[in-house]
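Visitor: Below you'll find the structure I mean.
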Amino acid sequence: MNRKAPVKLRARAAFRTGSLRLAPPICISSQERGGGAGAPAQSAPSNRLSTRRNAMLLQIILHTPKWVFAVFVLLVWLGCRQLLSGSVSLAKVTVIPIAMTGLSLAGVVSAFGDSPGPLLGWAVAAAALVLLVLQSPLPASTRYDRAAREFHVAGSAVPLLLMMGIFFTKYVVGASLAMHPELRQQAAFEIGVPMLYGAFSGIFAARAVRLWKLAIGTDAVAAGARAA
């Protein structure tokens, strides 16, 4: 006599620091999965698979720690502030790229551990984007105030886009691995995701380096003028 054998589908997503925590396992009978003894081969339509995936995705979203949404709101706020022209301190120019680079690197480690391949991919992409972005000059309106140690910069959507890119890459990768852990073994995923993280980090870092170069150059010109 055949019995329905429940199959536990358990997913764990890695949004470090602090993992996404899912609800208790979703139990789906073998008949629902199309594996019942009396069920014909055609009894497992793709819409049932889609329904299961949607259910797991909903579980991930519903059980995402509240601090993750707090981080999202904070990043949106920081990014939106940079849509308008204004002043930004030297400290903020330094701290934000470091924080976002840390979040990006944490995404690679949480998904792939300390495997050298993904880390190398991240580093290569970051270095390439740093070199590329450094080739383009700052907007002509950018100025550095030595006395206030502030930059006067034009508004830009780039910081917001980079922040959202890192955040959603981290979230989507965590959700994808929760539903499909085997993705870690796929070369395209193992290479592509770290390089995407690295590209975001490289752009962030290069934008900060350009401003630092402006500050150093301004200080050097002022020192030279005093010496003359």
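Throughout, read-outs are computed from the coordinates displayed, never taken from laboratory work. Given the structure is predicted, the values throughout are model-derived calculations rather than measurements. As a convention, Cβ positions derive from the backbone with ideal geometry for all residues, glycine included, and neighbour counts pool all protein chains shown.
Visitor: Find how much the distance from THR94 to ALA220 grows on full extension, using 0.36 nm per residue of separation minus their present alpha carbon separation; answer in nm with one decimal.
Guide: My answer for the length gained is 43.4 nm.
Visitor: So how much slack lies between LYS213 and ALA227, counting 0.36 nm per residue of separation and subtracting their Cα-Cα distance, in nm?
Guide: Residue separation times 0.36 nm, minus the Cα-Cα distance, leaves 3.0 nm.
Visitor: Please sort 173-183, 61-71, 216-226 by packing, taking for each peptide the average over its residues of neighbouring beta carbons within 10 angstrom, highest first.
Guide: Top of the packing list down: 173-183, 61-71, 216-226.
Visitor: LEU138 versus ALA70, label points 7 Å from Cα toward the beta carbon: distance in nm?
Guide: 3.5
Visitor: Give, as a single signed number, the net charge of other residues whose beta carbon lies under 11 Å from the beta carbon of THR218, with Lys and Arg counted +1 and Asp and Glu -1.
Guide: For residues surrounding THR218, the net value is +2.
Visitor: Mind ranking 114-122, 141-149, 158-166, 196-204 by how tightly packed they are, going by the mean number of other C-beta atoms within 10 angstrom, highest first?
Guide: 196-204, 158-166, 114-122, 141-149
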